[in-house]
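The values are calculated or read from the model by the stated rules, or taken from the named source; none is laboratory data. All values derive from a computational prediction rather than experimental measurement. Reconstructed Cβ throughout: ideal geometry from the backbone, glycine too, with neighbour counts over all protein chains shown.
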């Protein structure tokens, strides 16, 4: 397998992270846990954006729904506090998928800017619902979860234990998404991104492909939401704001669309700026804004994407990274500047 | 290639290890202050920090011998960030206390952190009733030096009855704070014969109040307002433009006319009456000194945000005085705090056993005049009546009170709404 | 609920629509010509209000504040377009992220420069009164906003329809390649249109600021409103923006009056439904 080098490297890094992180500061442990959860969200968005070429401004909705489901089940029905947490994860993913299924019916009628707008409007509706239905969601007060689940002898309340759980789900998500994008389905998505009309002429049902990608990305968004609710112990309408959706987009674009792992890098950078830099200096928002601007202007393929392009030019060999590779006979162009 | 990776990893690991937490020192009081330093609430954060710091600076950074290490962290007004920063303060900076928060959602997010980590959290502003009522036993490390949302509303309802107000229309922002303030008012107002004939809940980020103003029942005596954010400036103005005031009397929550917004309000609010546990126009020596010092240092009249945090520092100092400057441990500190009585700029402050203040509630009226020797006519909240030693339960029997549901959009129900 | 009531609601809805037109016309123009999704549009509005405030504080003149703020924001917009947006091209995602980054920068800068208090932009007292027409209290300021929106709309329409420059713009909007083919400098046209859009936003800021207040967070509060106008009206159509504004204003107003329980959805739900049925808006073209 030509990607063996990359895969082993990724595994090595994950192993290192798994081993080293709990021995750094407790704050860093929490931060890395949050980064991994948002990386799942970013990777799910990358499936849409980097691979299928659709940019959504409403991805926070899936995170929020997964989080709220977890909180509501825990607080109002005492569900999900033990091994049934596994069921909560399943339900959260299903809810994300189901919501994406409904949203997709509306949203996929549009494209480009209109898709951005309609996904924004949809996620604002979710926000309104979270805010208004306060008997269920706690309204603007939000909901406090009663504590992380206890799985037999494992107390997930211990940050290190929870970190490993999140890391496991992250690895699982990465694996599933990687297999997906490497599959024929994944390659057709790239084809749709590159030239939808051509794909349609070739007989692909492009709408269905996009729809399925949307639903899958919703599922992983929901999963991320479940994990997110437990990491901070509370949910509020704040989880479903425009800023969260745009941050998710930035994570993908900053890391490199179409690389999957780019989402992880992007999540790390954005969270590092928001949560770590903010403990050091008050002008961190200038840095964040500048990162947005400079990334778009100078690194349109994101960090990993640019690295990949440089390597490709240097070697004149097929693409590195876990994502694209030319299929037999047909040469797929590397994404030059994002979506159209 | 792999070697490069390993090299990078080792370097990274070394760097991370270097960030290990420092050791705690004796006779040092480390306070973690959580405020929304960036974002729309930044000014509130600044005022709060200034209030606390002013006390600290006046006492040379010491509480009776204990050196105070004051660490401010930015919550960005997001509960999830507040939780993360709180964990950082507790686990990395080893703070003995968390103070602050502004919104109810932050208060609700931080209270469980205090229980989980067994670190005191003092809410110096969040007012959500249940934190010291129905949820109080969930949070044994939580105390409040501020107020509950309904605390001023209860006596205000009675005052309204006694002052010729019989029918009231409420326009309050659609969130928990609004429900609790209006709910408390409605309860006591209707108990003494008043009627709330219309309750409106405009959404919080509303620009144009016209849809609500245009449907106000103008045969009521007074309109009770509780706008949020910029609405504090625009709602009174739009009411005046629509001819609603001064035809109807203008009353509302203390936060509608308090010193945070008063300098920007226009003459249409002169005569507005509201209740709060503080007024900058309180004519006591403690308050006069406080207002003058604050205004000289920071160029504005202090609001209750500043006063609450100043008094929090005062309370801490008083407690440390009882321990001779030594940190007695979380539970012990909290026990001492709850037994402390001080005379703050807002007047006498003590605590009930659910760790909420018992304090004066002032009925204030906006007047344009000169105060404290300042040269210009300005808007001030003149105190027209004082209800002393008001607790969060007013005159109700506590058990009865707690059996009732919390105040929400629909509770108390609007019996007289047509 | 008599005729007077409905008239008042209609007046409120339409005058609110006038304000939205001031917000949305600039955005509609920008999108129409350049296909740019400008998430910093709310920031232009807010900065316009703040600059207007500074002018009032230093010179005491509200009238002067309007052109100064409008021009200042126009310059800001031009600079942003020239230096940054040009580099990004027509990819909506990159535009979104770039302009959002600027919105963050502007937000922090505004906070650092003008502080975090809610501020009041007071127009002359004469505009703050109400006139009573048939027993209805109509705030003069709303009438003023309506008149101004109509005037600006007319001026824009006449400019686009009757002047040579307007023809150039319309050519660029309709088919940029052909326009270049006949010798029109489309990049210059684009730049000027962006500047005009920013100017309208800054103007809207001073006018609207008196109505909405000036506070940190205003930028993101009005952004969805501006987008609602443009989406419903269709991007690139001025007449569409006007109609979109009135429609949004009326739906929002009546929705809140008649169905207060769904007041959070009176803006977004119609948007979703409309876009689902006609993805390019009522009058848009794609």
Residue that is within 14 Å of another protein chain (Cβ to nearest Cβ), over 23 Å from residue A:38 (Cα atoms) and over 15 Å from the mean Cα position of the chain (by Cα), where the choices are A:110, A:71, A:121
A:110
If you go through the stretch C:77-104 one residue at a time, how many are at pLDDT below 85 and within 18 Å of residue A:120 (Cβ to Cβ)?
7
Kindly indicate whether residue C:74 is within 30 Å of residue B:216 (Cα to Cα) and modelled with pLDDT of 90 or more.
no
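Residue-by-condition table, conditions (1) at positive phi; (2) surrounded by 15 or more Cβ atoms within 10 Å (Cβ to Cβ); (3) outside any strand (DSSP E or B):
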site	(1), (2), (3)
B:315	no, yes, yes
B:319	no, yes, yes
B:354	no, yes, yes
B:358	no, yes, no
B:392	no, yes, yes
B:395	no, no, yes
Determine whether residue A:71 is outside any loop (DSSP other than H, G, I, E, B), at pLDDT 85 or above, in contact with a strand residue (DSSP E or B) (Cβ under 6 Å, 6 or more places away or on another chain) and crowded, with 20+ Cβ neighbours inside 10 Å.
yes
Looking at the structure I just gave you, is residue A:56 within 26 Å of residue A:206 (Cβ to Cβ), crowded, with 19+ Cβ neighbours inside 10 Å and within 11 Å of another protein chain (Cβ to nearest Cβ)?
yes
Could you identify the single residue in C:241, C:198, C:226 that is surrounded by 24 or more Cβ atoms within 10 Å (Cβ to Cβ), within 14 Å of chain B (Cβ to nearest Cβ) and in contact (Cβ under 8 Å) with a residue 40 or more places away in the chain?
C:226
Can you name the residue in the stretch C:209-223 that is under 17 Å from residue C:54 (Cα atoms) and not in a helix (DSSP H, G or I) and, of all such residues, is farthest from the other protein chains (Cβ to nearest Cβ)?
C:214
Can you tell me which residue is surrounded by the fewest Cβ atoms within 10 Å (Cβ to Cβ) among those in the stretch A:233-254 that are at the interface with chain B (Cβ under 9 Å from one of its Cβ atoms) and more than 17 Å from residue A:121 (Cα to Cα)?
A:233
Taking the residues in the stretch B:242-262 that are over 19 Å from the mean Cα position of the chain (by Cα) and within 12 Å of chain C (Cβ to nearest Cβ) as candidates, determine which candidate is farthest from residue C:211 (Cα to Cα).
B:247
One residue is enough: does the stretch B:229-237 have a residue meeting the conditions in contact (Cβ under 8 Å) with a residue 60 or more places away in the chain, part of a loop (DSSP other than H, G, I, E, B), within 12 Å of chain C (Cβ to nearest Cβ) and over 16 Å from residue C:125 (Cα atoms)?
yes
Given the condition out of contact with any helix residue (DSSP H, G or I) (no Cβ under 7 Å at 6 or more places or on another chain) and either farther than 27 Å from residue A:184 by Cβ or at pLDDT 90 or above (or both), answer yes or no: does some residue in the stretch A:244-267 qualify?
no
Does residue C:206 count as more than 14 Å from chain A (Cβ to nearest Cβ), buried (at least 24 other Cβ atoms within 10 Å of the Cβ) and touching a strand residue (DSSP E or B) at 6+ places or on another chain (Cβ under 7 Å)?
no
Would you tally the residues in the stretch C:31-62 being within 12 Å of another protein chain (Cβ to nearest Cβ) and outside any loop (DSSP other than H, G, I, E, B)?
9
Selected residue (criterion: nearest to residue C:47 (Cα to Cα)) from residues of the stretch C:90-105 that are in contact (Cβ under 8 Å) with a residue 24 or more places away in the chain and buried (at least 21 other Cβ atoms within 10 Å of the Cβ)
C:103
Residue, farthest from the other protein chains (Cβ to nearest Cβ), within the stretch A:142-170, restricted to residues that are touching a helix residue (DSSP H, G or I) at 6+ places or on another chain (Cβ under 6 Å) and in a helix (DSSP H, G or I):
A:170
Filter the stretch C:112-156 for residues that are without any contact (Cβ under 8 Å) to a residue 60 or more places away in the chain, more than 8 Å from every other protein chain (Cβ to nearest Cβ) and not in a helix (DSSP H, G or I) and give the result.
C:131, C:133
So which of B:283, B:259 ends up being modelled with pLDDT under 95, surrounded by fewer than 17 Cβ atoms within 10 Å (Cβ to Cβ) and in a loop (DSSP other than H, G, I, E, B)?
B:283
Among the candidates A:39, A:12, single out the residue that is within 12 Å of the chain's Cα centre (by Cα) and either modelled with pLDDT of 85 or more or not in a helix (DSSP H, G or I) (or both).
A:39
Which one of B:268, B:293 is in the same structural domain as residue B:252 (by TED's automatic domain parsing) and either at pLDDT 95 or above or assigned to a helix (DSSP H, G or I) (or both)?
B:268
Between A:104, A:139, A:80, A:86, which is more than 14 Å from chain C (Cβ to nearest Cβ) and either within 19 Å of the chain's Cα centre (by Cα) or buried (at least 23 other Cβ atoms within 10 Å of the Cβ) (or both)?
A:80
Going by what's in this entry, would residue B:174 be described as free of Cβ contacts under 8 Å to residues at least 40 places away in the same chain and in contact with a helix residue (DSSP H, G or I) (Cβ under 9 Å, 6 or more places away or on another chain)?
no
From the list B:37, B:72, which residue is within 14 Å of chain C (Cβ to nearest Cβ), touching a strand residue (DSSP E or B) at 6+ places or on another chain (Cβ under 8 Å), modelled with pLDDT of 85 or more and outside any helix (DSSP H, G or I)?
B:37
Only residues that are part of a loop (DSSP other than H, G, I, E, B), in contact (Cβ under 8 Å) with a residue 24 or more places away in the chain and over 23 Å from residue B:113 (Cα atoms): list them for the stretch B:324-352, please.
B:324, B:325, B:326, B:340, B:345, B:346
Can you tell me which residue within the stretch B:59-95, out of those that are out of contact with any helix residue (DSSP H, G or I) (no Cβ under 8 Å at 6 or more places or on another chain) and surrounded by fewer than 24 Cβ atoms within 10 Å (Cβ to Cβ), is nearest to residue A:274 (Cα to Cα)?
B:93
Would you confirm whether any residue within the stretch A:279-292 is at pLDDT 80 or above, under 30 Å from residue B:93 (Cβ atoms) and more than 14 Å from chain C (Cβ to nearest Cβ)?
yes
